[in-house]
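Everything on this sheet refers to the single structure shown next.
The numbers here are math on the coordinates, done by the rules we state, and not lab data. Being a predicted model, the structure only gives us computed values, none of them experimental. Here the Cβ is made from the backbone with ideal geometry for all residues, glycine too, and neighbour counts use every protein chain on show.
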There are 2 protein chains.
Amino acid sequence: MPYQRIVLAVDLTDESITVANKAAAMCKAFDGELTIIHVIESLNYAYGGDVPIDVSDIQEQLQDTATKHMQALVDQLEIPVKETIVTQGGIESEIHRTAEDLEADLIIVGSHGRHGLALLLGSTANGVLHGAPCDVLAVRVKSEH
Amino acid sequence: MPYQRIVLAVDLTDESITVANKAAAMCKAFDGELTIIHVIESLNYAYGGDVPIDVSDIQEQLQDTATKHMQALVDQLEIPVKETIVTQGGIESEIHRTAEDLEADLIIVGSHGRHGLALLLGSTANGVLHGAPCDVLAVRVKSEH
């Protein structure tokens, strides 16, 4: 069974359930464990540490909101989730680090067909694929653009 | 079952069997049908039609060699293959066209972690992902570079 430890990366938009359902199907098919991660791009990270105002309140609010959305997503899934992670940092680097830490064999992400992978602000089109320590499944979601 | 019609794109290097075995596992898990495609990048295509010598003999030899390698690959697989395609043209465009024609729900390709997807000469790093009509599974193979 090739996929035992699956990391699903979501941007917690409406499209995340589509991607999550595919992840659930993969877990069922291969009897794998699912970890879901959402990365809030740190403002400090995005702007190279040169942020002139204190953004800790904003980051905290983003964290709270994301945690609620994550729970709502988990509640919609038909399979148990081993772990959810809401963290801050660089999107691709956090996803890769988590996959390495968990010795994941598959990363699943949403992909907008024409634009490649799209997660959240700052993510480059194929950032998750580049440098991934394992296989990557890009699940096509409808592009709004 | 999300993946019923799977298109496996291979470059017919030694690494193809690794990717093909993952494809076979996916087909087994989802009871899907497997089509394997190898695209020989047409020299005319690669050089914009401006090839000063007659390359039809070379193309024919490439086609023969690829067909043999394809058969050898199929012989190593534990599952039946619905169809094999050895064709010439643009790599990404032929893969996408085939996926559309077959109404595929998944394209599987090999991926060199650091360099993204790598199929054969001329393929851009993430060309298969961009513009794919369906989900794409990038199977990590060892990078030689």
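Inter-copy label distances at B:Asp14, using a point 7 Å along Cα-to-Cβ, come to 5.1 nm with the shortest given first. Counting every other Cβ atom within 10 Å of each residue's Cβ, B:Met70, B:Met1 order from fewest to most as B:Met1, B:Met70.
Distances between copies of A:Lys82, taken at a point 7 Å out from Cα along the Cα→Cβ vector and listed shortest first: 3.2 nm. I'd like the FRET efficiency for A:Val74 and B:Gln71, computed as 1/(1 + (r/R0)^6) with the beta carbon distance as r and R0 of 51 Å, rounded to 0.05. Working from the Cβ atoms, E equals 0.65.
Here B:Gln63 yields copy-to-copy label distances, from shortest upward, of 6.2 nm, the label point defined as 7 Å from Cα along Cα to C-beta.
Taking Lys and Arg as +1 and Asp and Glu as -1, the other residues whose beta-carbon sits under 14 Å from that of A:Glu41 total -3. Rounded to the nearest Hz, the phi-derived 3J(HN,Hα) couplings of region A:17-28 under the Karplus curve 6.51 cos²θ - 1.76 cosθ + 1.60 (θ = phi - 60°) are 5, 4, 5, 5, 5, 5, 4, 4, 4, 5, 4, 4, where x marks glycine and proline.
Cα centroid separation, region B:51-97 to region A:1-23: 33 Å. Here the gap between B:Asn21 and B:Lys82, fully extended at 0.36 nm per residue and compared with their Cα-Cα distance, gives a gain of 20.4 nm.
Can you sort A:Glu15, A:Glu60 so the residue with the fewest Cβ neighbours within 10 Å comes first?
So the ranking, lowest neighbour count to highest, is A:Glu60, A:Glu15.
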